[in-house]
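Encoded as structure tokens, the structure appears first; notes follow it.
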Amino acid sequence: SRITLKRRESEPSFAWYRVVLRFWGFIFVVSMLRRRMLQGAGILVAITPVFLALGFQYRPHSSHSHFEATEKKLLNTHIKENSFTLKDVKISKNQFLHTLVINEGSQDKEKPNLVLMHGWSSGLALWSKNIDQLAKHYNVYAIDLLGFGRSGRPFFPISSKATPDQAKSFWVDSFHEWKVECFGNQKIILLGHSLGGFLACTYALEQPEDLQHVILAAPVGIAPFIIPPQKGWFRKSLERLIWDCGVTPQAILRSLGFFSQRVWDRLGNASNYRGLDKDGWDYLYQAQMGEPSGDRAFMSILTREGWGMIKNE
């Protein structure tokens, strides 16, 4: 049976700004009553950075339940001809890969098994528009890569403290565990998009006996994309933050806290949602809000010119 998304009451939001205003007002009143306005102003100055820091960590629009709801909504919208199952497949080190299985329990054993591997900072639900057509020819599976989507997000160091081999093992080893858990020694067809294409190639070099075919869709790391030299101090500083200091674009968005969704929606309107619909754009927002993990690993596996840093020995 199809998975349906039930309407749920909206979660109450914590009006932190009201608490801050009331607290500030209380301090002022007490100070005025005691004729210590200077002391009260000093207290306000001292506590303001603390409340600002807490405010920019407050993201009421993002949570596990929000992410789950946007994922199911997107899948239910576009998968019309097949049933689907969502589950977490456990791997080592108490981690798991979030997995989409089409027609579980009623698959055609004569069809080959196709596994979909998404791109950078994305998730399995963005394959939803392709599922019905692919399911006519394959038994379809899709995963959230480790550190992305609703998969486990273990700690990964910033790029200046990590190596390309660490990043490669982070993804390729975890995917191999998932593959063995789901298919054993059975061969699969692996389709990778963007970062997923690069990782599919890397996996094929390490585990060729596990694959029947590899399909690449706009892979990164195979040929360079040329980033023109940045002009202006702001752009140069931003480039240095991202590539040399490990401050990822996702980290910048997360740091906006309460205002992160507003900024994200404006980016979507300005870019016409980059070919997605509004549900897809909302899902992609949730994918950016998780703990830093895969976004850090990505900075360690590619050069800023777009070449892959993994070499087959």
The lone exception for LYS236 - which of (1) modelled with pLDDT under 90; (2) surrounded by fewer than 12 Cβ atoms within 10 Å (Cβ to Cβ); (3) basic (Lys, Arg) it fails: (2)
Against the conditions (1) over 23 Å from SER293 (Cα atoms); (2) part of a loop (DSSP other than H, G, I, E, B), where does LYS129 fall short? Just the number, please. (2)
So is LEU75 touching a strand residue (DSSP E or B) at 6+ places or on another chain (Cβ under 9 Å), assigned to a helix (DSSP H, G or I) and either open to solvent by 10 Å² or more (accessible area, probe 1.4 Å) or hydrophobic (A, V, I, L, M, F, W, C) (or both) or not? yes
Of all residues in the range 82-99, how many are open to solvent by less than 10 Å² (accessible area, probe 1.4 Å) and either free of Cβ contacts under 8 Å to residues at least 60 places away in the same chain or hydroxyl-bearing (Ser, Thr, Tyr) (or both)? 2
Hey, can you tell me all the residues within the range 226-270 that are within 21 Å of HIS118 (Cα to Cα) and either of a type in the set (Val, Ile, Thr) or over 17 Å from the mean Cα position of the chain (by Cα) (or both)? THR248
Out of (1) closer than 26 Å to ALA69 by Cα; (2) surrounded by 15 or more Cβ atoms within 10 Å (Cβ to Cβ), what's the single condition that is false for LEU256? (2)
Picking from TRP264, TRP243, the residue that is open to solvent by 50 Å² or more (accessible area, probe 1.4 Å) and touching a residue at least 24 places away in the same chain (Cβ under 8 Å) would be TRP243
Among residues belonging to the range 271-280 that are farther than 30 Å from PRO157 by Cβ and within 19 Å of the chain's Cα centre (by Cα), point out the one that is least open to solvent (accessible area, probe 1.4 Å). GLY280
Does at least one position in the range 100-112 carry a residue that is open to solvent by 10 Å² or more (accessible area, probe 1.4 Å), touching a residue at least 12 places away in the same chain (Cβ under 8 Å) and part of a helix (DSSP H, G or I)? no
On the given criteria, is PRO219 open to solvent by 10 Å² or more (accessible area, probe 1.4 Å) and over 13 Å from ILE301 (Cβ atoms)? no
In the range 132-154, the residues that are under 14 Å from GLN288 (Cβ atoms) and open to solvent by 10 Å² or more (accessible area, probe 1.4 Å): ARG150, ARG153
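The values are calculated or read from the model by the stated rules, or taken from the named source; none is laboratory data. Being a predicted model, the structure only gives us computed values, none of them experimental. Note that each Cβ is placed from the backbone with ideal geometry, even for glycine, and that neighbours are counted across all protein chains shown. Each accessible area value is taken on the protein alone, full model and side chains, heavy atoms only, with ligands, DNA and RNA left out. Shrake-Rupley method; radii C 1.70, N 1.55, O 1.52, S 1.80 Å.
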